[in-house]
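Asks: Just passing along the structure, written as structure tokens.
The values are calculated or read from the model by the stated rules, or taken from the named source; none is laboratory data. These numbers were taken from a predicted model, which means no experiment stands behind them. Note that we place each Cβ from the backbone using ideal geometry, even for glycine, and neighbour counts take in every protein chain shown.
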């Protein structure tokens, strides 16, 4: 069964994102970083390394379980002639227990292989957002990234990059380009969350084209958008990323 993200949804509360404020004229700064082909190749190598480590870990566990299963069956074969029925039954149950672990490892391997085949990768959101902030051009507002997630998020890295870029553009519109922007990642019962919030004074309107680009980026990721703790009138939003399932 092919992996799918949940249905895309943008909450009614996100309607506060419509349509255009006066643009701020002050200088904004951000830490620069290298980008381009070198970064793309480095990311590709890192993705290959992460996927390889995951596959290797599952394969090593599977090998250990199969070794235990073989050992148990060899003992069972040698005990058939002389052991009691109760001891034989216990040995069979033990072997079946190891086989259950093998099945679990096999399901993990199939699931993660299917996600990788779709072009998705396990992404450390904290590290991804910090790298994103470091690579922004100097004409953008300063970005501050905080937080960490307990487990990786499986998804399309290019689409995640686009939705971060578009979300920051929306917040810049909301604040008229003033102040700095906080990007905060966290894990929650509902899934992985990314909060994007500006420190500038919120304006009444947004450029409709900026909002449209943001909505398209959200649809490609399959995220749900909600206002942050400051409410629909504040300069913040929360992206709830979809959980990949097979």
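Asks: Just name the residue that is surrounded by the fewest Cβ atoms within 10 Å (Cβ to Cβ) out of those in the range 227-237 that are under 27 Å from residue 134 (Cβ atoms), out of contact with any helix residue (DSSP H, G or I) (no Cβ under 6 Å at 6 or more places or on another chain) and touching a residue at least 12 places away in the same chain (Cβ under 8 Å). First the steps, then the outcome.
Replies: Quick first cut of the range 227-237, residues under 27 Å from residue 134 (Cβ atoms) only: 228-230, 234-237.
From the residues that got through so far, the ones that are out of contact with any helix residue (DSSP H, G or I) (no Cβ under 6 Å at 6 or more places or on another chain) too are 228-230, 234, 236-237.
Checking the rest, the ones that are also touching a residue at least 12 places away in the same chain (Cβ under 8 Å) come to 228, 230, 234, 236-237.
Details: 228: 17, 230: 12, 234: 15, 236: 22, 237: 26.
Applying the filter and picking the extreme gives 230.
The rows are residues; the columns are (1) over 30 Å from residue 62 (Cα atoms); (2) within 21 Å of the chain's Cα centre (by Cα).
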site: 122; (1), (2): no, yes
site: 133; (1), (2): yes, yes
site: 147; (1), (2): yes, yes
site: 209; (1), (2): yes, no
site: 221; (1), (2): yes, yes
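Asks: Do we find that residue 151 is at pLDDT 80 or above and farther than 30 Å from residue 212 by Cβ in this structure? Spell out the reasoning first.
Replies: Numbers: at pLDDT 80 or above: yes; farther than 30 Å from residue 212 by Cβ: yes.
For residue 151, the condition - at pLDDT 80 or above and farther than 30 Å from residue 212 by Cβ - is met.
Asks: Being surrounded by 18 or more Cβ atoms within 10 Å (Cβ to Cβ), at pLDDT below 90 and not in a strand (DSSP E or B) is the filter here, so list the residues in the range 117-130 that pass it.
Replies: Once the filter is applied, which keeps residues that are surrounded by 18 or more Cβ atoms within 10 Å (Cβ to Cβ), at pLDDT below 90 and not in a strand (DSSP E or B), the range 117-130 yields only 120.
Asks: If we scan the range 23-42, do we find a residue that is at pLDDT 70 or above and either touching a strand residue (DSSP E or B) at 6+ places or on another chain (Cβ under 7 Å) or exposed (fewer than 11 other Cβ atoms within 10 Å of the Cβ) (or both)? Lay out the reasoning, then the answer.
Replies: As a first pass, look at the range 23-42 and keep what is at pLDDT 70 or above: none.
No, the range 23-42 has no match at all.
Asks: I'd like to check which strands (runs of 3 or more DSSP E) are fully inside the range 136-222 and have at least 1 residues that are out of contact with any strand residue (DSSP E or B) (no Cβ under 7 Å at 6 or more places or on another chain) and surrounded by 15 or more Cβ atoms within 10 Å (Cβ to Cβ). Can you show your working first?
Replies: Working: elements: 143-147, 153-155, 181-188, 191-198.
Per the criteria, 181-188.
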